[in-house]
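The values are calculated or read from the model by the stated rules, or taken from the named source; none is laboratory data. No experiment lies behind these values; they were computed from the predicted model shown. Every residue, glycine among them, receives a Cβ derived from its backbone with ideal geometry; neighbour counts consider all protein chains shown. Only protein heavy atoms, including side chains, enter the accessible area calculation; ligands, DNA and RNA are left aside. Shrake-Rupley method; radii C 1.70, N 1.55, O 1.52, S 1.80 Å.
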Amino acid sequence: EKLIRLFMGLFDVPRKNIEDSLEKASLKPYAPVTIVEDIDKEKAFMLEEESFDIRGLVIQTKSVRNYLFKNVGAHVFGYLSEINEEELQNLREYGYRVKDLVGRDGLEKYYDKYLAGVDGGLQMQVDNKGRQVRTLGLKEPVNGKDLHLTIDINLQTVCDKALEGKNGAAIIMDPNTGEILALSSAPSFDPNIFIRPEDSSERVKLIRDRRRYPLLNRAISGVYQPGSVFKVVVASAALETGRIIRSTRFNCNGVYSLGNAKFACWKEEGHGTISVHRAIVESADTFFYQVGLKAGLERLSRYAKEFGLGEKTGVALMNEKEGLVPSSEWKKRVYGVPWYEGETVSVS
């Protein structure tokens with residue numbers, strides 16, 4: 001009762017909230033239960049004085065994550081939230097405790113054990129009134145490690161801004177090193193709402209958004225057709241295996257016919273008779289329909305995998321999807337039907 005009156009006097013907290021917290025605390029007497037958070041220094045000192053007469057009242061300071069750039073880079077950084085019961089059982093041996101924050105996505109999750117550090121602690125002997133008698137043991141805290149990224153925050157901001165109001169992704173890499181300079185996914189979110197207790201309704205809204213899936217990192221978890229970049233794979237497969245040579249020419253008249261099927265080029269009037277270099281420069285679709293048939297599906301499939309398609313890159317982020325490179329064996333296994341030539345044209 002004394003504790004309830006103290007909290008009602010110092011803070012604008014309804015009596016019911018405090019009673020609920022105390023009831024929760026009684027179920028697990030050795031696990032701390034938070035009654036109020038983010039209090040000012042003056043009130044903290046007042047509580048410290050009162051704690052001498054009220055057993056079990058503890059005032060703690062803790063570091064809080066602050067995502068300075070808010071929505072910018074949210075899918076790269078990820079977010080933190082409070083550890084749950086199941087996780088606590090699995091992670092207790094790593095030093096995690098009740099009320100700890102753990103990484104939920106992005107780099108926060110991937111590097112959680114490096115970033116978290118280890119809490120320190122005191123083992124105290126107390127008398128029957130809960131007063132400290134002497135210190136029995138001391139464990140020094142260990143800071144988490146720092147993480148330095150290749151992300152250029154200015155470039156990241158430009159990419160995120162360009163995707164505002166859209167569903168999509170953008171990745172900018174250094175082609176010489178493979179370093180990721182910007183990785184954007186839209187729609188985005190503010191990771192700070194997972195830290196601030198007053199934003200619980202915003203968290204629920206984000207998690208339940210089944211229309212736009214703002215928590216989905218489309219840059220690594222979305223699976224898309226590669227489009228015209230795949231022409232490089234088709235050209236390589238045919239050139240490397242001798243199915244065509246650099247001077248091989250095909251006519252592109254705007255439409256390629258195979259049986260009764262017609263496959264159009266993006267340029268209605270076509271590109272004329274051209275070789276592979278010109279076909280890549282002008283992105284001539286009908287040229288590559290014919291080159292793909294020359295190479296055959298199995299060669300296309302093998303070279304696609306040589307380029308790294310159909311497998312994970314190993315980027316230091318969670319939930320990366322590997323995508324799919326089709327083959328006749330795959331179609332037979334999944335659909336129970338053979339592969340058709342027209343499908344090779346579509347793949348090309």
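Figures for the structure shown
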| read-out | value |
| --- | --- |
| Selection from the stretch 61-78 of residues that are open to solvent by 30 Å² or more (accessible area, probe 1.4 Å) and under 10 Å from the mean Cα position of the chain (by Cα) | F77 |
| Breaking point among (1) exposed (fewer than 14 other Cβ atoms within 10 Å of the Cβ); (2) closer than 30 Å to D105 by Cα, for E268 | (2) |
| Residue list for the stretch 96-150, restricted to those being charged (D, E, K, R), more than 27 Å from the chain's Cα centre (by Cα) and open to solvent by less than 70 Å² (accessible area, probe 1.4 Å) | D127 |
| Odd one out for T286 among (1) more than 30 Å from Y110 (Cα to Cα); (2) loosely packed, with under 15 Cβ neighbours inside 10 Å; (3) among the β-branched types (V, I, T) | (2) |
| Answer residue from the stretch 31-45, given it is open to solvent by 60 Å² or more (accessible area, probe 1.4 Å) and not in a loop (DSSP other than H, G, I, E, B) and is nearest to L6 (Cα to Cα) among those | K43 |
| Residue ranges of strands (runs of 3 or more DSSP E) in the stretch 102-207 with at least 1 members closer than 30 Å to L88 by Cβ and β-branched (V, I, T) | 121-126, 132-139 |
| Residue, farthest from the chain's Cα centre (by Cα), within the stretch 294-305, restricted to residues that are open to solvent by 70 Å² or more (accessible area, probe 1.4 Å) and in contact (Cβ under 8 Å) with a residue 60 or more places away in the chain | R299 |
| Selected residue [under 30 Å from L122 (Cα atoms), surrounded by 13 or more Cβ atoms within 10 Å (Cβ to Cβ), polar (S, T, N, Q) and within 35 Å of the chain's Cα centre (by Cα)] from S21, S51 | S21 |
| Selected residue [acidic (D, E), open to solvent by less than 70 Å² (accessible area, probe 1.4 Å) and modelled with pLDDT of 95 or more] from D174, D190 | D174 |
| Where L206 falls short, out of the listed (1) in contact (Cβ under 8 Å) with a residue 60 or more places away in the chain; (2) within 16 Å of the chain's Cα centre (by Cα) | (1) |
| Matching option when the condition is touching an Asp or Glu at 6+ places or on another chain (Cβ under 9 Å), of a type in the set (G, A, S) and more than 19 Å from Y213 (Cβ to Cβ), among A186, A162, A182 | A182 |
| Residue count for the stretch 239-264, restricted to those that are loosely packed, with under 14 Cβ neighbours inside 10 Å, in contact (Cβ under 8 Å) with a residue 12 or more places away in the chain and on the phi > 0 side of the Ramachandran plot | 1 |
| Residue list for the stretch 314-348, filter: β-branched (V, I, T) and touching a residue at least 40 places away in the same chain (Cβ under 8 Å) | V315, T344, V345, V347 |
| Candidate set: the stretch 271-283, residues that are farther than 20 Å from E343 by Cα and of a type in the set (S, T, Y); chosen: the one surrounded by the most Cβ atoms within 10 Å (Cβ to Cβ) | S275 |
| Residue list for the stretch 325-339, filter: open to solvent by 90 Å² or more (accessible area, probe 1.4 Å) and either charged (D, E, K, R) or modelled with pLDDT under 95 (or both) | E329, K332, R333 |
| Count of the stretch 55-84 residues which are touching a strand residue (DSSP E or B) at 6+ places or on another chain (Cβ under 7 Å) and part of a loop (DSSP other than H, G, I, E, B) | 3 |
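Let's see how each residue does on (1) touching a Phe, Trp or Tyr at 6+ places or on another chain (Cβ under 9 Å); (2) in contact (Cβ under 8 Å) with a residue 24 or more places away in the chain:
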residue: R65; (1), (2): yes, yes
residue: Y96; (1), (2): no, no
residue: K113; (1), (2): yes, no
residue: M124; (1), (2): no, no
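Okay, residues lined up against (1) modelled with pLDDT of 80 or more; (2) within 21 Å of H148 (Cβ to Cβ):
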{"site": "F52", "(1), (2)": "yes, no"}
{"site": "R65", "(1), (2)": "yes, yes"}
{"site": "I83", "(1), (2)": "yes, no"}
{"site": "N90", "(1), (2)": "no, no"}
{"site": "G95", "(1), (2)": "no, no"}
{"site": "V102", "(1), (2)": "yes, no"}
